[in-house]
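Single-structure report; data block below.
Each value in this text was obtained by applying a stated rule to the coordinates, not by laboratory testing. A quick note: this is a predicted structure, and the numbers were derived from the prediction, not measured. Cβ placement follows ideal geometry from the backbone for every residue including glycine, while neighbour counts extend to all protein chains displayed.
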Ligand code: SF4
């Protein structure tokens, strides 16, 4: 996959973009999550664990797990504030429990 940096976004050759601000926000949340953010991240991760698109750079190193669809490191991605942040929409089943309408940030064709 090719990457292009445009303003705050990394555009990819497959037409998806990564919002750098949202990536940083997710990692900040990961550093000190509220209980609900921790539970959401755990449930998202459980879905990723079953997903054939989950890849691992180095065996036995959880930090090196990434999404094969968007290339994001899962350790940070699962703390995203974005609704429907999974490129295959697999997280929707658990996100409704934790993300209220007021906190939902939707961005078409953007993943982190
Ligand atoms: S984010 Fe979605 S596509 Fe990527 S590994 Fe997780 S469940 Fe699979």
Label point at residue 90 placed 7 Å out along Cα→Cβ; residues across segment 40-60 whose backbone nitrogen lies under 11 Å:
44-55
For the ranges 33-46, 53-66, what's the packing order if you count other beta-carbon atoms within 10 Å of each residue, average per peptide, and put the highest first?
33-46, 53-66
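Can you bin segment 22-106 into rounded, prolate or oblate? Criterion: square roots of the alpha carbon gyration tensor eigenvalues sorted a ≥ b ≥ c, rounded for a/c under 1.5, prolate for a/b above b/c, oblate for the rest. Mind showing how you got there, number by number?
Details: a/c = 1.79, a/b = 1.43, b/c = 1.25.
Prolate.
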